[in-house]
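> Structure provided below as structure tokens; questions to follow.
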Amino acid sequence: MLALQEQLLGLAETFLQRDPILPGCVYRLRRRCGKPNCRCTQGELHLTEMLSYRGEGRPQSVTPRPGERETFCKLTQSYQRFRKARAQWVKLEKEIRRVLDEIESARIEAGKHQFQALLSRRT
């Protein structure tokens, strides 16, 4: 139980950070531009970096300007770390509840035995 609690405290550091986060990801997209004489018609597709994020209640995509990629990556990576830590937290809480249930059952069983022993002394 104490080991599980220690793990929770370790995860709490992730939640207490003040860095902003952005739900999304930065990815590379290869595509054709549509110009008839471009190299992309021969298979050399254009590489574009995109930020996909959840904005205004729906998915949105933005092409980062030069110099913005690093910031976008930091925001989305921080979000992914937060979500991973959150999932671990939920898993640990579930394990803690299971352990607590076992402890409760064992203590109830011990209480029943003690109660039965007290009742048997009455007669």
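> Among the basic types (Lys, Arg) and over 30 Å from Leu16 (Cα atoms): is that true of Arg30 in this structure?
Spelling it out, Arg30 is indeed among the basic types (Lys, Arg) and over 30 Å from Leu16 (Cα atoms).
> In addition: Does the range 41-56 hold any residues that are in contact with a Cys (Cβ under 8 Å, 6 or more places away or on another chain) and among the basic types (Lys, Arg), and which are they?
Within the range 41-56, no residue meets the criteria.
> Within the range 57-78, can you find the residues that are in a strand (DSSP E or B) and either surrounded by 14 or more Cβ atoms within 10 Å (Cβ to Cβ) or touching a Cys at 6+ places or on another chain (Cβ under 7 Å) (or both)?
Val62 - this is the single residue of the range 57-78 that is in a strand (DSSP E or B) and either surrounded by 14 or more Cβ atoms within 10 Å (Cβ to Cβ) or touching a Cys at 6+ places or on another chain (Cβ under 7 Å) (or both).
> Within the range 36-51, which residues are without any contact (Cβ under 8 Å) to a residue 24 or more places away in the chain and touching a helix residue (DSSP H, G or I) at 6+ places or on another chain (Cβ under 8 Å)?
His46, Glu49 - these are the residues of the range 36-51 that are without any contact (Cβ under 8 Å) to a residue 24 or more places away in the chain and touching a helix residue (DSSP H, G or I) at 6+ places or on another chain (Cβ under 8 Å).
> Quick test for you: out of Gln116, Gln77, Gln42, pick the one residue that is at pLDDT below 90 and of a type outside the set (Val, Ile, Thr).
The match here is Gln42.
> What is the one condition in (1) more than 30 Å from Glu102 (Cβ to Cβ); (2) more than 20 Å from the chain's Cα centre (by Cα); (3) in contact (Cβ under 8 Å) with a residue 40 or more places away in the chain that Arg32 does not satisfy?
(3)
> Inspect the range 23-39 for any residue being among the charged types (D, E, K, R) and touching a Pro at 6+ places or on another chain (Cβ under 8 Å) and give the result as yes or no.
no
> On to the next question. Test of understanding: among Arg54, Arg86, Arg97, which residue is of a type outside the set (Phe, Trp, Tyr), in a helix (DSSP H, G or I), surrounded by 11 or more Cβ atoms within 10 Å (Cβ to Cβ) and out of contact with any helix residue (DSSP H, G or I) (no Cβ under 6 Å at 6 or more places or on another chain)?
Residue meeting the stated conditions: Arg86.
> If you don't mind, another one. Return the residue satisfying two criteria in turn: it lies in the range 1-49 and is part of a strand (DSSP E or B) and aliphatic (A, V, I, L, M), and of such residues it is surrounded by the most Cβ atoms within 10 Å (Cβ to Cβ).
If we take residues in the range 1-49 being part of a strand (DSSP E or B) and aliphatic (A, V, I, L, M), then Val26 is surrounded by the most Cβ atoms within 10 Å (Cβ to Cβ).
> In the range 51-82, how many are more than 22 Å from the chain's Cα centre (by Cα) and either of a type in the set (S, T, N, Q) or farther than 18 Å from Asp19 by Cβ (or both)?
Qualifying residue count, the range 51-82: 6.
The values are calculated or read from the model by the stated rules, or taken from the named source; none is laboratory data. Since we're looking at a predicted model, the values are computed, not measured. We place every Cβ from the backbone using ideal geometry, glycine too, and count neighbours over all the protein chains shown.
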